[in-house]
Amino acid sequence: MKRVRTEQFQYTVAQYLKRRQYVDSEGPLKGPKLSQTVEEMAANLTVQTESGCTNFVSAAPCQADSQQYEIQFGQLRTFLTDTNVQWSREVTSVLYPLFVYLHLDMVHCGLKSSVDSFYSRFHSMFLQDTDQKDIIEQLRTTLTVQDISSNPKLRAFLDNKYVVHLTDEAYNYLLRYLQSDNNTALCRVLASHIQVEVTSTQRTVYQLYGSGPSGVGGFSRGDASNNMEPGDVPASILQNEAARNSLQECIKRVKDGPPSLSTVCFYAFHNTDQLLNSAEISANSKLLAAGFDNSCVKLWSLRARKLKAEPHQVDVSRINLACDVLDDETDDEDSAGTEMKTLRGHCGPVYSTTFLTDSSGLISCSEDTTIRYWNLGSFTNTALYQGHAYPVWDIDVSPCSLYFASGSHDRTARLWTFSRTYPLRLYVGHLADVDCVKFHPNSNYIATGSTDKTVRLWSTQQGNSVRLFTGHRGPVLSLAFSPNGKYLASAGEDQRLKLWDLASGALFKDLRGHTNNITSLSFSPDSSLIASASMDNSVRVWDIRNTYCNASADGSSSELVGVYTGQISNVLSVQFMACNLLLTTGTTQENQEH
């Protein structure tokens, strides 16, 4: 009796010290530890802070009162059936495995009276389902551990974890309920016997883990399910499988069939007096940039929203610099925004402009041997890149806007990064001007076209030439990589469009049809079509996959699927956008004002 009273006192003292944030590292019989180090206190608070919803089930106590089985399960059933929350029905799938495991747990503990009361109160919930009814009826005669051992299906339940699929919202809904009250018995079963798999989409089909065809839905280990038949596949799954196969067949027919003609949107420049050198449309189709002979870059908005510069970050009331615009000098037109902005900074003709991938900036190259970066938030020149000794003909930005490349009259191509004003790599090997440059979709390679009638493929990092493509009979003016990275297209003054297989380095197709220099190329997003623009005032679309018709009377290749012409004197560029939209820019034959 004295020992019992001593233990009671020690237990009471230990509980008090625990509430006061003291730790008991030596056990209740060896005396409490009345002080904590800073490290111990920090660790204790960290454990208390991080014991949230995620760890709640796995950290549940491993003991429960015999009456708590029935009370906690009944409260959960009432909670799910009496509420109209959209996740209640999904969480209801947990009730069946909880009932089975709670029943088996009480049998293991020898709680016969509790087992009878628990079964008689809740077993009728699961008699509507045929598969569940079989197990529920077997539980009626399961009152001892020997009964469980002699039943292969019940033994399989204990040897394996039951899998329930819940969405994120339903799982969090269940966790919030478990935390709201004393649900130790439910948490212990969930942690020991039930595997809750959280999925992004709602799934109501649940099963046991399985590695073979036998068992009630399958098992993760053990051979207790050898005498059981596999469950039937639900009809809904079979219907979904048939619908998926039908959809895949339709996609295959569309993919392998003749292509749909592209929708063409043409942007015309009027009254340019042959001063326009290049035009480029941003990836989001909101902006149009053009480079002119008078050393300026002009920017247009293609949407209803006007171009408006962001406010200056400096306090112009205190610091007045020559580059700042004071509030009283700001025009009403600038404050309201305009449809066009003129970017000045170059001192020679601008030959090429290229937008960044996210359309936040623009780079341009000029005869003045420089490359400039323009911030499209403030419409100002914020960086100047120098390295070439002669005019820069073309520039291109890598897919992720980490690098950009340039080609020049000095017979070299150069690799740049936006954070440094000097080139990182020089690509030397061409015998004449480098007229065009293009990044591969993976950014590991750069293609260059030259006046020496060759196309070279360079390793971006190593700087060496890995492919040399010969066959053109004139300068190469335009390049394009297919989005899938398999092909490189090149064209120029010989009026031929050549497709090169990058893996083998061989010529894949030689497309003919244009009657003048080809100035621009663009692949469709699915790499099946390529569009070409020429000085013969036409845009042609080619299908590089298959041939569906014979060669036309004008001698064009059989891959030609569309020709677009209009009242234009020069087509500058073609660009494929999403939804099979082809954007084209050029100058008109009419003599009109801007």
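The values are calculated or read from the model by the stated rules, or taken from the named source; none is laboratory data. What you see is a predicted model; the values in this text were computed from it and never measured. FYI the Cβ positions are ideal-geometry reconstructions off the backbone, even for glycines, and counts take in every protein chain you see. Remember, those area values only see protein heavy atoms, side chains included, never the ligands or the DNA or RNA. Shrake-Rupley method; radii C 1.70, N 1.55, O 1.52, S 1.80 Å.
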Original post:
Counting only protein chains, not ligands or nucleic acids, how are Cys296, Cys109 ordered by accessible area (probe 1.4 Å), most first?
Top reply: Cys109, Cys296
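Return the FRET efficiency for the residue pair Ser150, Ile251: r is the Cβ-Cβ distance, R0 is 51 Å, and the value is rounded to the nearest 0.05.
Numbers: r = 53 Å, r/R0 = 1.05.
Efficiency, rounded to the nearest 0.05: 0.45.
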Subject >> Centroid-to-centroid separation of region 495-534 and region 65-109 [C-alpha atoms, Å] >> reply: 67 Å
**OP:** Using all C-alpha to C-alpha distances in region 114-171, build P(r) with 5 Å bins and read off the rounded percent in each one.
**Re:** 4, 15, 20, 23, 21, 11, 5, 2, 0
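Just subtract the alpha-carbon distance of Asn464 and Gln179 from 0.36 nm times their residue separation and send over the number in nm, one decimal.
Details: separation 285, 0.36 × 285 = 102.60 nm, distance 6.32 nm.
In short, 96.3 nm is gained.
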Original post:
Once the piece of chain linking Lys286 and Thr78 is laid out straight, how much longer is it, given 0.36 nm per residue of separation minus the C-alpha distance between them?
Top reply: 69.2 nm
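Multiply the residue gap between Gln386 and Lys486 by 0.36 nm, knock off their C-alpha separation, and tell me the result in nm, one decimal place.
Details: separation 100, 0.36 × 100 = 36.00 nm, distance 3.33 nm.
Gain in length upon complete extension: 32.7 nm.
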**OP:** Describe numerically, in nm with one decimal, the distance between label points set 7 Å from Cα along Cα→Cβ at Ser117 and at Leu507.
**Re:** 9.2 nm
Subject >> Pairwise label distance in nanometres, Asn240 with Leu143, each label 7 Å out on the Cα-Cβ vector >> reply: 4.3 nm
Subject >> FRET efficiency, 1/(1 + (r/R0)^6) with R0 41 Å, evaluated for Ser401 and Glu169 via beta carbons >> reply: 0.65
**OP:** Over region 429-495, with every protein chain in place, what whole percent of the accessible area is carbon and sulfur at 1.4 Å, could you tell me?
**Re:** 42 percent
**OP:** Run the 1.4 Å probe and let me know the accessible area of Asp501, rounded to the nearest 10 Å².
**Re:** 50 Å²
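Beyond 19 Å, what share of the Cα-Cα pairs of region 385-466 remains, rounded to the nearest whole percent? Present the calculation step by step, with values, prior to reporting the outcome.
Numbers: 849 of 3321 pairs.
In whole percent, the long-distance tail amounts to 26.
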Original post:
At what distance in nm do the modelled label points of Asp129 and Tyr11 sit from each other, each positioned 7 Å from its Cα along Cα→Cβ?
Top reply: 4.1 nm
Original post:
Taking the Cβ-Cβ separation of Ser360 and Arg89 as r and a Förster radius of 41 Å, what is the calculated FRET efficiency to the nearest 0.05?
Top reply: 0.30
